[in-house]
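Asker: Submitted below is the structure of interest, expressed as structure tokens.
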Amino acid sequence: MSQGNIDILMELWSSTTGDGQAPFRDHREMLATIDAINNGDTPWQSFTASYSGTIPPKDPPDWMLKEYIVFFRDPLAVVRNIISNPDFDGQFDYTPYTEFEDEKQRWSDLMSGKWAWKQAVSFV
């Protein structure tokens, strides 16, 4: 999510709370909080992405011609660090599960997904 969109999200979030407070004032405070987490320092990585489809010969949109840098942290390493952080001990259930409603599987969060299940059974 872009920094501008994070700011908009925080403004919208604060309008829905009783005290008018979102978890963070803006993207700067959120990113500073994330960067201040010491446990399991997962390094930032990046890659570049660009549009690779057909480009119109006349007046193509600007985004089709640009190259974008995407920054991220390895999601698996981040989840491992969260789970190993003693501050979260007893704060959430990290057991993968499946839930069905009318014989159809229902997904509601990370631990109800196939990825979490596959990760858990891969250690057996």
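Asker: Got a number for residues in region 6-25 being assigned to a loop (DSSP other than H, G, I, E, B), of a type in the set (Gly, Ala, Ser) and surrounded by 12 or more Cβ atoms within 10 Å (Cβ to Cβ)? Working first, answer last.
Answerer: Filtering region 6-25 for residues assigned to a loop (DSSP other than H, G, I, E, B) gives 15-25.
Checking which are of a type in the set (Gly, Ala, Ser) leaves us with 15, 18, 20, 22.
Next, from what is left, pick out any that are surrounded by 12 or more Cβ atoms within 10 Å (Cβ to Cβ): 22.
Residues in region 6-25 being assigned to a loop (DSSP other than H, G, I, E, B), of a type in the set (Gly, Ala, Ser) and surrounded by 12 or more Cβ atoms within 10 Å (Cβ to Cβ): 1 in total.
Asker: Is it fair to say residue 28 is of a type in the set (D, E, K, R) and surrounded by 11 or more Cβ atoms within 10 Å (Cβ to Cβ)? Show your work before the answer.
Answerer: Values: of a type in the set (D, E, K, R): yes; surrounded by 11 or more Cβ atoms within 10 Å (Cβ to Cβ): yes.
Answer is yes for this residue.
This table checks each residue for (1) under 27 Å from residue 12 (Cα atoms); (2) out of contact with any strand residue (DSSP E or B) (no Cβ under 8 Å at 6 or more places or on another chain); (3) modelled with pLDDT of 95 or more.
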| site | (1), (2), (3) |
| --- | --- |
| 41 | no, yes, no |
| 53 | no, yes, yes |
| 66 | no, no, yes |
| 77 | no, yes, no |
| 92 | yes, yes, no |
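Asker: How about region 83-99: which of its residues are under 18 Å from residue 117 (Cα atoms), of a type outside the set (Asp, Glu) and in a loop (DSSP other than H, G, I, E, B)?
Answerer: Of region 83-99, the ones under 18 Å from residue 117 (Cα atoms) are 83, 92-99.
Retained after the next criterion (residues that are of a type outside the set (Asp, Glu)): 83, 92, 94-98.
Across region 83-99, the qualifying residues are 92, 94, 95, 96, 97, 98.
Asker: Could you please find all residues in region 93-111 being within 21 Å of the chain's Cα centre (by Cα) and surrounded by 11 or more Cβ atoms within 10 Å (Cβ to Cβ)? Outline the logic, then answer.
Answerer: Taking region 93-111 first, the residues within 21 Å of the chain's Cα centre (by Cα) are 93-97, 106-111.
Once the filter is applied, which keeps residues that are within 21 Å of the chain's Cα centre (by Cα) and surrounded by 11 or more Cβ atoms within 10 Å (Cβ to Cβ), region 93-111 yields 94, 96, 97, 107, 110, 111.
Asker: Moving to a separate point now. Touching a residue at least 40 places away in the same chain (Cβ under 8 Å) and either in a helix (DSSP H, G or I) or under 30 Å from residue 94 (Cα atoms) (or both): which single residue out of 80, 28 fits that description? If you could, list the steps in order and put the result at the bottom.
Answerer: Details: 28 fails: touching a residue at least 40 places away in the same chain (Cβ under 8 Å).
That would be 80, the only listed residue that is touching a residue at least 40 places away in the same chain (Cβ under 8 Å) and either in a helix (DSSP H, G or I) or under 30 Å from residue 94 (Cα atoms) (or both).
Asker: Has region 16-23 got any residue that is within 30 Å of residue 111 (Cα to Cα) and under 17 Å from the mean Cα position of the chain (by Cα)?
Answerer: Among the residues of region 16-23, at least one is within 30 Å of residue 111 (Cα to Cα) and under 17 Å from the mean Cα position of the chain (by Cα), which makes the answer yes.
The values are calculated or read from the model by the stated rules, or taken from the named source; none is laboratory data. Quantities reported herein were computed from a predicted structural model and do not represent experimental measurements. Please note: Cβ atoms are built from the backbone with ideal geometry, for glycine as well, and neighbour counts cover all protein chains shown.
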